[in-house]
1. What is the one condition in (1) in contact with a strand residue (DSSP E or B) (Cβ under 7 Å, 6 or more places away or on another chain); (2) more than 26 Å from M52 (Cβ to Cβ) that L225 does not satisfy?
2. Suppose we filter Q64, Q14 for residues that are outside the structural domain of L245 (by TED's automatic domain parsing), among the polar types (S, T, N, Q) and at positive phi; which single one remains?
3. Select, from G364, G309, G339, the only residue that is farther than 26 Å from L28 by Cβ and modelled with pLDDT under 95.
4. Only one of E75, E89 is in a helix (DSSP H, G or I) and either more than 12 Å from H55 (Cβ to Cβ) or in contact with an Asp or Glu (Cβ under 8 Å, 6 or more places away or on another chain) (or both). Can you tell me which?
5. Checking the condition without any contact (Cβ under 8 Å) to a residue 24 or more places away in the chain and in a strand (DSSP E or B), which residue from E194, E216 passes?
6. Could you check how many residues of region 307-327 are under 15 Å from E363 (Cβ atoms) and among the basic types (K, R)?
7. Do we find a residue being more than 17 Å from the chain's Cα centre (by Cα) and buried (at least 17 other Cβ atoms within 10 Å of the Cβ) anywhere in region 68-89?
8. Quick check on my filter: what residues within region 54-88 are touching a strand residue (DSSP E or B) at 6+ places or on another chain (Cβ under 9 Å) and of a type outside the set (V, I, T)?
Amino acid sequence: MINFELSDEQKQIQGLARDFASREIVPLAARHDRTGEFPREICHKAWEAGLMNVHIPEAYGGAQLSCLDACLIAEEIAAGCTGIGTAMEANGLAIAPVVLAGTEEQKERFLKPMTEKLIFAAYCVTEPDAGSDVAGIKTRAIREKDVYVLDGEKMWITNGGVADWYYVLAKTDPSAGHRGITAFLVPRNIDGIEVGKKETNMGQRASDTRSIRFNEVKVPVENLLGQEGDGFKISMGAFDHTRPLVAAAAVGLARSALKYATGYATERKSFGAAIATHQSIGFILADMDKDIDAARLLAWRAAWLKDQGKKNTREAAIAKTFAADTAMRIATDAVQIFGGYGYSNEYPVEKLMRDAKIFQIYEGTSQIQRMIIARELIQTYKSH
């Protein structure tokens, strides 16, 4: 039996996130976009409200919310501001590999403190010459007795300048391709870590994005996550959990764009009638509405599969691709409906259009997602 009704508890989670976004995020979103200031105070309030680090297991002091629960939060926060939402949710991407592959000692050391005070973490995988091609990373990790010596540079690292620890991929066996990639948990206070300047990005400017340089950083052996060579597998497993959340956040942005576009179109008049009543505009709004609904259902399905312990790689990729492309198109159409006003930063849809683009790039580009979908499709047909 299929049931699309949220439970009472899920409705409470959704309502909490919606109220928080309306009260704490929306009034400050434009300021953070304009200044690029990191939203630490907002994040602290979100942490106190239980809206951050929601995947941490109860055994380590966390709420251990489901993937679907987290999608509900992600959509509501993103409807307020995806830049601030990314600053909040980046912790989840760093946490996911530890939940997936960490030892009890590692979970106690890295996850439990995050439930006791506001701590940020960052996911360090992308490099200047290796984005979608993870197997092409050049960061090296060489074992020397009881430490690994890390050397290399990471790029476009969200929360890079505020993180207390990093999830890092490095090659322990350069000749083995992706099977030679190993994951490490690296505290920020280890000597040799150099944090670059904050990038000035097109959108999501509240998010702290930087390069991180590891200069012969000595990481204790006990900070190895999983076994040597497990890094690629762990990272891909984490994406199966986080991509539905990214899809949900894209839905949140698209929802805001639809709200603003509909409000404007019902008030703006041309040729003696509200422009929303003109078929050319009405059809754009209708397409926005139907695709937001479809994107949300795809995100929920991918999250539900994950919560059931089922493989969701294909479904997570489908959700992420569709929602990201939908958000970009809807934000662009919202600007079009506003006309000249939409091109001005005095109106909110200009920011939404800038913020939307990154959804087609981070956590795997839309092209990479299509490669994943095609690969899964081919494997399915080969097995029949």
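1. Tallying (1) in contact with a strand residue (DSSP E or B) (Cβ under 7 Å, 6 or more places away or on another chain); (2) more than 26 Å from M52 (Cβ to Cβ), L225 fails exactly one: (2).
2. Result: Q64 is the single residue among Q64, Q14 that is outside the structural domain of L245 (by TED's automatic domain parsing), among the polar types (S, T, N, Q) and at positive phi.
3. On the way: G309 fails: modelled with pLDDT under 95; G339 fails: modelled with pLDDT under 95.
Just one listed residue meets the conditions, G364.
4. Only one candidate qualifies: E75.
5. E194
6. Number of matching residues: 1.
7. First pass over region 68-89, keeping only residues more than 17 Å from the chain's Cα centre (by Cα): none.
No, the conditions are met nowhere in region 68-89.
8. Passing the criteria: only A87.
The values are calculated or read from the model by the stated rules, or taken from the named source; none is laboratory data. Model, not experiment: these values are computed from the prediction. Cβ sites come from the backbone with ideal geometry, for glycine too, and all protein chains shown count toward neighbours.
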